[in-house]
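For reference, the structure discussed in these notes is given below.
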Amino acid sequence: MNTGIPLQYFLILATMMFFVGVYGFLTRRNLITILMSVELILNSVNINLLAFNRYLYPNKLEGLFFSLFVITVAAAEAAVAIAIIINIYRRFMTINVEDVNEMKY
Amino acid sequence: MTSNQIMFAIFSVVIIVFSILTVTSRKILRSAVYLLFVLVSTAGLYFMLNYQFLAAVQLTLYAGGIVVLIIFSILLTSHINQKFEPVGWKKSLFSALAAISGAFLSIITILDYKFSATTEAAKEVDMRLIGKSLLSVGNDGYVLPFEVISVLLLAAMVAAVVIAKKGGPKKAGSQTLNQ
């Protein structure tokens with residue numbers, strides 16, 4: 001391999017980033033910070049896909065295209081989630097998940 | 001150590017440290033800026049893997065688009081100087097326990113597994129190849145997910161506009177109920 005770094009280093013880095021995101025998802029109480037933790041998780045999965053593509057199957061393009069699609073889905077998800085968060089803020093004047101506990105109005 | 005390994009070490013330290021700061025910082029705007037650092041170093045990793053196009057997409061879409069969107073929504077929904085209450089020790093302990101045990105299991109599995117690379121020649125990934133693959137129906141063609149993702153983006157855009165619109169669509173029944 002021309003980069004001189006084993007594949008496992010990339011995978012371990014992505015794993016640590018993923019579980020830091022999981023920790024944030026479990027402990028945070030603000031909707032926007034939860035969204036940021038989800039972005040961390042999606043990003044770590046992208047690193048995994050690209051490292052697999054480059055190290056194990058350099059003659060294919062699946063990892064590249066699927067991380068491209070993951071980035072697109074993350075962008076769509078962030079746009080819709082932020083629209084919902086702003087709507088929730090208008091109605092409840094807070095975006096703390098523990099205070100937003102009723103679906104009807 | 002070669003320069004590649006030094007760059008990888010720098011990127012991974014930045015990614016780990018700033019992702020931990022992203023999920024633990026008590027000021028929300030700072031946490032968004034730390035997220036920006038994480039995303040930019042991830043783009044650096046993509047450059048190291050020789051995927052220049054994806055690194056550019058990461059910089060423009062993630063670091064340029066999503067972070068700006070998040071910062072705008074932070075400015076719309078919270079005071080800048082507001083600090084979060086610290087997380088309770090019980091919740092923080094159990095979440096850290098879950099995360100660390102999960103990471104431990106995954107890392108053990110990764111170190112245990114024997115990865116075997118293909119022996120075929122590597123493909124040169126340039127813009128021409130990416131554009132042709134995205135719009136071809138042949139062997140290396142991705143036109144179906146491309147079209148599906150474009151419909152998804154349109155639907156997400158319409159949904160975001162409809163949800164965030166001031167007032168929103170009011171039904172006749174709910175109006176009379178309010179009066």
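Here are some notes:
- Residues in region B:68-85 that are facing chain A (nearest Cβ under 10 Å) and part of a helix (DSSP H, G or I): 8 in all.
- Residues of region B:1-51 classified as within 20 Å of residue A:71 (Cα to Cα), among the polar types (S, T, N, Q) and at pLDDT 90 or above, total: 4
- Within region A:22-43, being among the hydroxyl-bearing types (Ser, Thr, Tyr) and either open to solvent by less than 40 Å² (accessible area, probe 1.4 Å) or more than 7 Å from chain B (Cβ to nearest Cβ) (or both) holds for A:27, A:33, A:37.
- Single residue of region B:86-138 satisfying the filter (in contact (Cβ under 8 Å) with a residue 60 or more places away in the chain and assigned to a helix (DSSP H, G or I)) that is least open to solvent (accessible area, probe 1.4 Å): B:130
- Of the set (1) open to solvent by 10 Å² or more (accessible area, probe 1.4 Å); (2) touching a Leu at 6+ places or on another chain (Cβ under 8 Å), all apply to residue A:69 but (2).
- Within region A:81-103, the set of residues being of a type outside the set (Ser, Thr, Tyr) and facing another protein chain (nearest Cβ under 7 Å) comprises A:82, A:83, A:84, A:85, A:86, A:87, A:95.
- Any hit, region A:1-21, residues being in contact with a Gly (Cβ under 7 Å, 6 or more places away or on another chain) and buried (at least 18 other Cβ atoms within 10 Å of the Cβ): yes
- All of (1) more than 8 Å from chain B (Cβ to nearest Cβ); (2) outside any helix (DSSP H, G or I) hold for residue A:14 with one exception: (2).
- Given (1) open to solvent by 60 Å² or more (accessible area, probe 1.4 Å); (2) at pLDDT below 80; (3) of a type outside the set (Lys, Arg), number of the condition residue B:174 does not satisfy: (1)
- In region A:44-56, the residues that are facing chain B (nearest Cβ under 9 Å) form Cβ pairs under 6 Å with partners that are among the polar types (S, T, N, Q), at six or more places apart or across chains, as follows: A:46/A:67; A:50/A:67.
- Some residue of region A:82-99 being in a helix (DSSP H, G or I), closer than 21 Å to residue B:58 by Cα, modelled with pLDDT under 95 and not charged (D, E, K, R): yes
- Test result for residue A:19, within 20 Å of residue B:152 (Cβ to Cβ) and facing chain B (nearest Cβ under 7 Å): no
- Residue within region B:143-150 that is at pLDDT 90 or above, open to solvent by less than 50 Å² (accessible area, probe 1.4 Å), of a type outside the set (D, E, K, R) and over 28 Å from residue B:73 (Cα atoms) present: yes
- Pick from region B:51-67, criterion at the interface with chain A (Cβ under 7 Å from one of its Cβ atoms) and closer than 19 Å to residue B:122 by Cα, ranking: surrounded by the fewest Cβ atoms within 10 Å (Cβ to Cβ): B:51
- Checked against the criterion of being more than 7 Å from every other protein chain (Cβ to nearest Cβ) and basic (Lys, Arg), the candidates B:27, B:123 yield just one match: B:27.
- Residue A:89 vs. criteria surrounded by 17 or more Cβ atoms within 10 Å (Cβ to Cβ), aromatic (Phe, Trp, Tyr) and either touching a residue at least 12 places away in the same chain (Cβ under 8 Å) or in contact with a His (Cβ under 9 Å, 6 or more places away or on another chain) (or both): no
- Against the criterion of being among the hydroxyl-bearing types (Ser, Thr, Tyr), at the interface with chain B (Cβ under 7 Å from one of its Cβ atoms) and more than 21 Å from residue B:54 (Cα to Cα), residue A:72 does not qualify.
- Tabulated pairs, region B:19-35, first among the aromatic types (Phe, Trp, Tyr), second surrounded by 17 or more Cβ atoms within 10 Å (Cβ to Cβ) and in a helix (DSSP H, G or I), C-beta under 7 angstrom, 6+ apart or interchain: B:34/B:18; B:34/B:21; B:34/B:22
The values are calculated or read from the model by the stated rules, or taken from the named source; none is laboratory data. Everything numeric in this text was worked out from a predicted model, so none of it was measured. Ideal geometry is used to build each Cβ from the backbone, glycine not excepted, and the neighbour counts take in all protein chains shown. The protein model used for the area step is the full one, side chains on, heavy atoms only, and it has no ligands, DNA or RNA in it. Shrake-Rupley method; radii C 1.70, N 1.55, O 1.52, S 1.80 Å.
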